[in-house]
Amino acid sequence: PLGNIERNGRKNVPDCNASDIFDKILRSDDLKDLICSYNDLCQQLKLLPGPLQTFYPTIKNNVKIWKGKSLWNCLDKHQSHKVYENGNACKNLRVLIVGAGPCGLRAAIEAQLLGANVTVIEKRTYFSRNNVVKLWPFVIQDLKTLGAKVFHGKLGTGDIEHISIKKLQFILLKISLFLGVQFFHGTCYKDFVYPCGKKSGWHVKVNPIDHPVNKYEFDVIVSADGNKQSVKGFKGSELRGKLAIAITANFINKQLDADVKAEEICGVSYIYKQELFKAMKETTGIDLENIVYYKGDTHYFVMTAKKQSLLDKGVIIKDTLNSKDLLLSSNVSKLALIDYVEKAASYVTKEQLPNLELERNHDGKEDVAIFDFTNMWQADNSCRIIERKGKKLLLGLVGDSLLEPFWPTGSGCAKGFFSCFDMCWMMKQFNSGKTSLLEIIVERESLFRILPQMTTDNIKNFTNYSLEPLSRYVNTNKGGFLVSDALALLDTDAPD
Ligand code: FAD
């Protein structure tokens with residue numbers, strides 16, 4: 001498989017050395033440019049993306065600038081952990097990761113470090129999410145051990161514990177690429193395909209239909225697409241809470257005096273700051289339950305708004321009986337929504353940002369969104385194994401497609417990364433063949449059952465985190481899922 005090079009490459013290799021191209025990749029914040037530069041680097045070094053041991057050393061030995069050395073130092077230290085068995089733990093295992101969000105890419109890095117042959121597909125052709133996520137301390141530490149500070153020096157300094165989703169995606173993608181992960185953008189997963197004969201393995205169907213990935217065989221498919229039930233055979237349920245309407249907005253950070261001086265609001269809610277919210281309602285008519293403001297490449301605001309104030313302000317045009325219809329684009333006035341967020345942002349920042357101007361999305365539209373988070377998705381199970389004609393396929397869910405977070409807790413990436421580590425640990429057990437399939441299902445499902453209750457207080461101190469569950473969980477919930485339950489998740493045509 002030629003992967004990135006075949007589909008995205010340019011014919012002529014530029015006349016510059018590997019270190020220069022590496023530097024260009026570090027600075028790139030456009031997905032297509034990044035892939036072009038990466039293909040140039042591969043062509044320059046006559047390399048094809050592939051397993052860690054054949055790819056990473058060549059990149060490392062050819063990029064000698066200090067930023068490269070800092071990154072290699074971090075990655076060398078990280079990969080020296082015994083869990084990876086020098087990149088042999090998952091040797092020859094063919095892994096497909098669906099979705100290049102933060103969780104898919106984090107899983108890709110771990111699977112690649114285990115020595116697997118990892119392919120990531122992403123349906124979009126751009127990374128454009130300006131929205132900012134607050135990270136739990138272990139996530140910041142985890143990113144630092146992967147060398148993230150080489151890309152984003154401010155991460156984890158002082159009180160900077162947040163990052164835009166797109167920046168996080170770029171950091172994780174660049175690390176994945178340097179380790180040899182094969183990446184395809186504009187590639188949409190549709191389904192998996194059963195082996196059609198003794199010699200054939202498990203395939204997938206992706207769009208476009210002539211895509212080379214349609215010819216690949218896989219042993220593992222990790223669904224990290226943030227969607228509900230996108231991989232066949234998984235069920236789940238929506239946890240219904242009281243109606244909750246969120247608004248996100250990104251304003252341009254012009255880096256002027258006012259932008260620098262404006263103070264962040266790490267999260268205030270009505271219960272703790274009633275005077276502020278009451279005064280805002282009296283002065284502006286805007287009625288919120290909470291609001292957060294982070295400053296980065298943009299001024300990012302996220303808030304939960306009360307329905308009545310959205311109706312009063314004309315943001316929601318008509319009240320509806322069915323909450324699903326309430327926020328249909330035909331029932332939302334974009335102009336009134338923009339006015340609403342501008343007023344809320346000005347008020348809570350005490351007018352410190354005088355000339356608010358919304359950032360534009362990849363499609364040129366104002367970066368403002370309103371959505372309902374009343375229902376939160378949770379899958380019933382985190383994994384399945386199917387065996388046909390002697391060929392096994394491990395299917396697993398990670399990130400939002402496993403467990404959608406309640407966003408005000410800021411737990412999405414933390415729980416998502418834990419689910420990636422659990423999935424990659426399972427891959428290692430699956431590949432070793434030392435533990436029975438039922439036992440590895442039981443272990444992953446037991447861990448999944450404690451994930452929703454995870455808080456910063458009931459996980460271990462993160463200094464020694466690894467893929468091994470015992471290094472992270474205080475209690476691995478042995479007995480939380482029974483072998484008899486696991487039988488339903490193992491679908492085999494083998495007579496024994
Ligand atoms: P996603 O980020 O959704 O990525 C999935 C990727 O898969 C996307 O790139 C998508 O294009 C791709 N994809 C989808 N379908 C396919 C397909 N068929 N084929 C190929 N690719 C596909 N989390 C925090 O940790 N801290 C916070 O402060 C925080 N705040 C939040 C605020 C709001 C308002 C919201 C809504 C969420 C917040 N979160 C926060 C949650 C966080 O954004 C998510 O948990 C995180 O982005 C999940 O990452 P993911 O990789 O699982 O999925």
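The values are calculated or read from the model by the stated rules, or taken from the named source; none is laboratory data. Only a predicted model underlies this, so the values are computations on that prediction, with no experimental measurement involved. Positions of Cβ are backbone-derived with ideal geometry, glycine not excepted, and every protein chain shown enters the neighbour counts. The area values use the complete protein model at the heavy-atom level, side chains included, leaving out ligands, DNA and RNA. Shrake-Rupley method; radii C 1.70, N 1.55, O 1.52, S 1.80 Å.
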Quick check: anything in the stretch 432-442 modelled with pLDDT of 95 or more, surrounded by 21 or more Cβ atoms within 10 Å (Cβ to Cβ) and not β-branched (Val, Ile, Thr)? no
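Condition check ((1) more than 16 Å from the ligand (Cβ to nearest atom); (2) surrounded by fewer than 22 Cβ atoms within 10 Å (Cβ to Cβ)) across all residues:
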| site | (1), (2) |
| --- | --- |
| 47 | yes, yes |
| 52 | yes, no |
| 58 | yes, yes |
| 61 | yes, yes |
| 98 | no, no |
What is the residue count in the stretch 459-480 for residues that are closer than 20 Å to residue 402 by Cα and more than 22 Å from the chain's Cα centre (by Cα)? 3
Criterion (more than 16 Å from the ligand (Cβ to nearest atom) and modelled with pLDDT under 95) met by exactly one of 372, 363, 339, 325: 325
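Of the residues that sit in the stretch 20-45 and are under 22 Å from the mean Cα position of the chain (by Cα) and open to solvent by 60 Å² or more (accessible area, probe 1.4 Å), which one is farthest from residue 216 (Cα to Cα)? Let's see the steps before the verdict.
First, the residues of the stretch 20-45 that are under 22 Å from the mean Cα position of the chain (by Cα): 25-35, 38.
In the following step, the residues that additionally are open to solvent by 60 Å² or more (accessible area, probe 1.4 Å) were identified as 27, 29-30, 32-33.
Values: 27: 32, 29: 29, 30: 27, 32: 23, 33: 26 Å.
This residue is 27.
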Among residues of the stretch 383-410, those that are part of a strand (DSSP E or B), more than 18 Å from residue 446 (Cβ to Cβ) and within 13 Å of the ligand (Cβ to nearest atom), counted: 0
Residue check, residue 407 closer than 30 Å to residue 254 by Cα, not assigned by TED's automatic domain parsing to the domain that holds residue 324 and not charged (D, E, K, R): yes
Can you find a residue in the stretch 304-313 that is in contact (Cβ under 8 Å) with a residue 24 or more places away in the chain, under 18 Å from residue 349 (Cβ atoms) and in contact with a His (Cβ under 9 Å, 6 or more places away or on another chain)? no
Against the conditions (1) of a type in the set (A, V, I, L, M); (2) outside any loop (DSSP other than H, G, I, E, B); (3) open to solvent by 10 Å² or more (accessible area, probe 1.4 Å), where does residue 494 fall short? Just the number, please. (2)
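Out of all the residues in the stretch 460-473, which are open to solvent by 20 Å² or more (accessible area, probe 1.4 Å) and not in a loop (DSSP other than H, G, I, E, B)? Let's see the steps before the verdict.
Step one: list which residues in the stretch 460-473 are open to solvent by 20 Å² or more (accessible area, probe 1.4 Å), which gives 460-465, 468, 470-471.
Matches in the stretch 460-473: 462, 463, 464, 470, 471.
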Open to solvent by less than 20 Å² (accessible area, probe 1.4 Å) and in contact with a His (Cβ under 7 Å, 6 or more places away or on another chain): does that describe residue 105? no
Hey, does the stretch 411-420 have a residue that's at pLDDT 95 or above, more than 13 Å from the ligand (Cβ to nearest atom) and farther than 22 Å from residue 244 by Cβ? no
Condition first: surrounded by 21 or more Cβ atoms within 10 Å (Cβ to Cβ) and more than 14 Å from the ligand (Cβ to nearest atom). Now tell me which residues in the stretch 152-177 satisfy that. 174, 175, 177
All positions within the stretch 115-151 that are touching a Lys or Arg at 6+ places or on another chain (Cβ under 6 Å) and away from the ligand (no atom under 14 Å from the Cβ): 115, 117, 150
Being of a type in the set (A, V, I, L, M, F, W, C) and more than 21 Å from the chain's Cα centre (by Cα) narrows 251, 234 down to just 251
Selection from the stretch 446-459 of residues that are at pLDDT 95 or above and exposed (fewer than 15 other Cβ atoms within 10 Å of the Cβ): 449
